[in-house]
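The values are calculated or read from the model by the stated rules, or taken from the named source; none is laboratory data. Since this is a predicted model, take the numbers as computed values, not measurements. Don't worry about glycine lacking a Cβ; one is built from the backbone with ideal geometry, like all the others, and counts go over all protein chains shown.
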Amino acid sequence: MSSFTTCSSVDEFSPRQPIFPNLSPSGEMSVLIARIAELNRAKTIEPSVASSEASGQDGYAIFPNLSPSEEMSVLIARITELYRAKTIEPSVASSEVFGQDGYGMNDDQFSLDEEEEDEQQEESKTPTKDAAEERFLQSQNDQKKILEKISELEKQQKEQSKVTAGQLSKILEKISVLEQESKQRKASSNFRQNYWDANVCHKNLEITGKKNRIVHYKRNLFGCCSIFAKHTILLNNNSSDIFYYEISVKNMKCWMSFGFAVKQQNKLDGTIRTRKGTYAIDSDGKIWINGEGNGINAEYSYDAGDTLGIGIILATRQLFFTKNGKQLDSSGLFVASSSTDDSFHPFVSLRYSGDEIEANFGPNFEFDLDSLFSQLPNDQKKILEKEKQTQKEVLLKFQQNCWDAFACHKDIRIIDNTYLIVRDNNYANRSVFAKYPILLVNDSSIIFYYEISIKNKKSSFIFGFAVKQQTNFDDSIWGRSGTYAIGSYGEIWINGKRNGSNSNYSYGVGDTMGIGVNSATRQIIFTQNGRRLDSSDLLVASSFADDSFHPFISLRYSGDEIEANFGPNFKFDFEAL
């Protein structure tokens, strides 16, 4: 046997280090595989015999100081290293397993004197020769299995590596998508894409710009003319959001004023800022709080080229003002408690022909809103932190709703307020509405949602919600403007129009379906048997954003039955949102 590396423990062994330095890689491979075959064969016999054979009494132990199992692991590690290094092809290894003499030894490992060999051959009988051949064939077979096993293990490692890399890539991609969606939801929730409302605009003012955010005094006249924004902000003490918007003064001859008022005004000529529930800042620096003057501060004055901002921290009702990206001192200025739960509209009042401003309703402002939080007193920070922590969980509002017997087709029977069954034998559309609506307020983080469980179904169902309760209950409710629904064949209806069909959305007896809408983002939600369906591009039309919606369902055949669940314990887990 050629000299080889000694090893007293598994820890001392390195697979990269040759065990037989004097042998070629193919020679080393042959010796190692032969020994592994011997160790494997020893496992199949009696323990006592296996112990003696594995220890070298009927073969040879490459590492006498190691147990058979330890020696096996060391040898496999070294063979794997040789195989990976591609220093020997498997076919070559197979042919060289035991060398040409059938015992896996090169000429320099064991040499028998020719005379001794002749004598042994003379003394050997046919059965002995047959046994040697059988052992050789068995060894070859063991070696082949080992090589196949090594090859299989390598393939598994490669496949596992691919799967792990693929899973990691998908996870990272999902995290990126969720982060982006979170940012979009936050921006959409706090700063909805508002614009000036042409229906609440003085006749002397005109709205221009791609997003209807520029206001221009168009006539050669003098006098206060005002305009209001389309959408409101609902001041709710339980919200930690900040309402804020900015105006950039493009041209100003003498005076202007801007801010927000409790309600849109019908009288658009005159001074809006003097009316109760109005909070504003004039160009000369005068502050108006709840319709009353609060003194003049030259620091607050502005002119053409300036960018001014006004905002409210909803949780504390704290007012704040900004000028050209810097916050102005507004300590002690709050929204009156009597106005806390009312809605506010941005407005601006211009006085001279040629005056012009451009509004920015967010979310990218000149003022850095993130810096505002660090400047707040500790008590206000605690309030905001508490509210933000609360809003990490989905806020649900589930009034104890029920089907309304006064908004129900005569052929539908209501049982226990939530259970419906069709009584008449004729085929026709029969609808019923829930008693209570949900008011969709854009700046609220409430999610409206309900589920139905199908108990019996002969034909198609359609359920969802509609802008107003209808008076005609035997017509196709889902085809009317302001209606959002899903049919049992998977058809989707958005604002009264069919939006395609998806077989994954279909449902039948035994299924539980859900429909909802996020009032802050107007995102529609569909669920099926506790699992959310894809509705990423389905939104409630902005024209209905501030209206109320009623759950409804349309049934067709006698015996059709459903049961509604208006919450709060649903099959769908809202924490998954």
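Quick notes
- Scanning the range 207-234 for residues that are part of a strand (DSSP E or B) and closer than 11 Å to LEU350 by Cβ gives VAL215, HIS216, TYR217, PHE222, GLY223, CYS224, CYS225, SER226, ILE227.
- Each residue in the range 266-293 was checked for being touching a residue at least 40 places away in the same chain (Cβ under 8 Å) and either more than 12 Å from PRO346 (Cβ to Cβ) or among the acidic types (Asp, Glu) (or both), and 10 pass.
- Only one of the numbered conditions (1) at pLDDT 70 or above; (2) part of a loop (DSSP other than H, G, I, E, B); (3) of a type in the set (S, T, N, Q) is not met by GLN57, and that is (1).
- In the range 19-54, the residue that is modelled with the lowest pLDDT out of those that are within 56 Å of the chain's Cα centre (by Cα) and exposed (fewer than 15 other Cβ atoms within 10 Å of the Cβ) is THR44.
- Note on the range 416-460: among residues that are more than 25 Å from GLN193 (Cβ to Cβ) and in contact with a Gly (Cβ under 7 Å, 6 or more places away or on another chain), the one that is modelled with the lowest pLDDT is VAL422.
- Within the range 464-487, the residues that satisfy the criterion of being in contact with a helix residue (DSSP H, G or I) (Cβ under 9 Å, 6 or more places away or on another chain) and within 17 Å of SER535 (Cβ to Cβ) are GLY464, THR483, TYR484, ALA485, ILE486, GLY487.
- Enumerated strands (runs of 3 or more DSSP E) restricted to the range 479-566, each holding at least 2 residues that are buried (at least 17 other Cβ atoms within 10 Å of the Cβ): 483-487, 491-494, 512-518, 523-528, 548-555, 561-565
- Some residue of the range 369-388 being charged (D, E, K, R) and either in contact with a strand residue (DSSP E or B) (Cβ under 7 Å, 6 or more places away or on another chain) or at pLDDT 70 or above (or both): yes
- Selected residue (criterion: farthest from ILE357 (Cα to Cα)) from residues of the range 300-329 that are at pLDDT 90 or above and among the charged types (D, E, K, R): LYS326
- The range 484-524, residues that are at pLDDT 90 or above and among the aliphatic types (A, V, I, L, M): ALA485, ILE486, ILE492, VAL509, MET513, ILE515
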